[in-house]
Amino acid sequence: MWQLLPPVPVPARLMFTVSVWTGRQLLIHGIATAGTGFRGVTFGYTPATGTWRMLAPGPVPLMAQNNDEAVWTGSEMLVTGLTNAAYNPVTNTWHRIAFHNGPAGHGAVNVWTGHQVILWGGGCCGFVIATGAAYTPPGGSWQPLPPSPLSARSTTGAWTGTEVIIAGGSQPPGSYPGGSARGQTFADAAAYNPATRTWRKLPSMPQARAGGTMLWDGTEVLYIGGTSAGSSTPSADGYALSPATSHWRHLPAMEYGRSDFAAV
């Protein structure tokens, strides 16, 4: 049964909002417009008490054109992109991390491996990239990933415990050298292994799609929903890939089609 939560104590409209689950608390960080500039806003929700709490706001964004992505490392909410900082809920403090002006825009793959944050693809302002980087906290630096077999795109990915699986995605019209003037939707897929720093090509999905949500269920990668090439209507079904067999299978449909949605 769905239950309405109490009102959120945020006076301003937030942009570039990200969130993580710590195991006890939902942490949310966003950026609010303050006059001609920007300011960070951070707050948390504790289900056990049913209460919201304002937290240390976070640093002023280092730039205005990008996006934020967040992961929970087990001790900190690490926010890359505009904010480039980490929040510790135990001490209620933020600290800057190494600046990275690369992937973290809209549609970037963003995973936490247990040791590293891995970002790949995505972009901003009508331009997408085909590069990636890895950051190892605490106090680490960004290391570029080796070249990928995938072309530039906004897309989604999932961490399996050993590899980052990336599939599908889209490229805006004329956003990349050699890109289609009408834009493109992709079906191809690849896997990146951070232990060996190598990529491998995977079989393409049965249908080119973008805007789907990708999850790892412990056995298969699930690609759910999204919009197929040549369509403006979100799909209700999906596909599952077993990394062990490199085989995609069709998933049954949801009641309604969905694109660009959240799932756990």
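When the alpha-carbon atoms of the range 74-168 are used, the pair Rg, Dmax equals 13.4, 42 angstrom. Using every pair of separate Cα atoms, the Kirkwood estimate puts the hydrodynamic radius of the chain at 19.3 angstrom. Inter-label distance, residue 219 to residue 143: 3.4 nm, where each label sits 7 Å from its Cα along the C-beta direction.
In the context of the full set of protein chains, the range 197-251 has a per residue accessible area of 45 Å² (1.4 Å probe).
Given R₀ = 45 Å, FRET efficiency for residue 136-residue 253 by Cβ-Cβ distance, to 0.05? That pair, residue 136 with residue 253, gives E of 0.65.
Which loop-located trypsin sites (Lys or Arg not before Pro) does the range 189-264 contain, where loop means any DSSP state but H, G, I, E or B and the Cβ has at most 16 other Cβ atoms within 10 Å? For trypsin sites (Lys or Arg not before Pro) across the range 189-264 that sit outside H, G, I, E and B with at most 16 neighbouring Cβ atoms in 10 Å, the list reads 197.
Name the shape class, rounded, prolate or oblate, that the alpha-carbon gyration tensor gives for the range 8-148, where a ≥ b ≥ c are the square roots of its eigenvalues, rounded holds for a/c under 1.5, and otherwise prolate holds if a/b is larger than b/c and oblate otherwise. It is oblate, given that a/c is not under 1.5 and a/b is not larger than b/c.
Protection proxy ranking for 7-15, 24-32, 142-150, using the average of other Cβ atoms within 10 Å per residue and placing the highest first: 24-32, 142-150, 7-15. With 0.36 nm allotted per residue and the present C-alpha distance subtracted, the residue 231-residue 12 stretch has 75.2 nm of extension available.
Given their separation in residues at 0.36 nm each and the Cα-Cα distance between them, residue 262 and residue 49 gain 74.3 nm when the chain is fully extended. The slack between residue 201 and residue 244, meaning 0.36 nm per residue of separation minus the straight C-alpha distance, is 14.2 nm. Computed from point charges on the beta carbon alone (+1 for Lys and Arg, -1 for Asp and Glu), the dipole magnitude for the range 133-246 about its Cα centre is near 340 Debye. Shown for the chain: the carbon plus sulfur share of the solvent-accessible area, taken with all protein chains present and a 1.4 angstrom probe, equals 56%.
The values are calculated or read from the model by the stated rules, or taken from the named source; none is laboratory data. Model, not experiment: these values are computed from the prediction. Reconstructed Cβ throughout: ideal geometry from the backbone, glycine too, with neighbour counts over all protein chains shown. Surface accessibility is based on the protein's heavy atoms, side chains included, excluding ligands, DNA and RNA. Shrake-Rupley method; radii C 1.70, N 1.55, O 1.52, S 1.80 Å.
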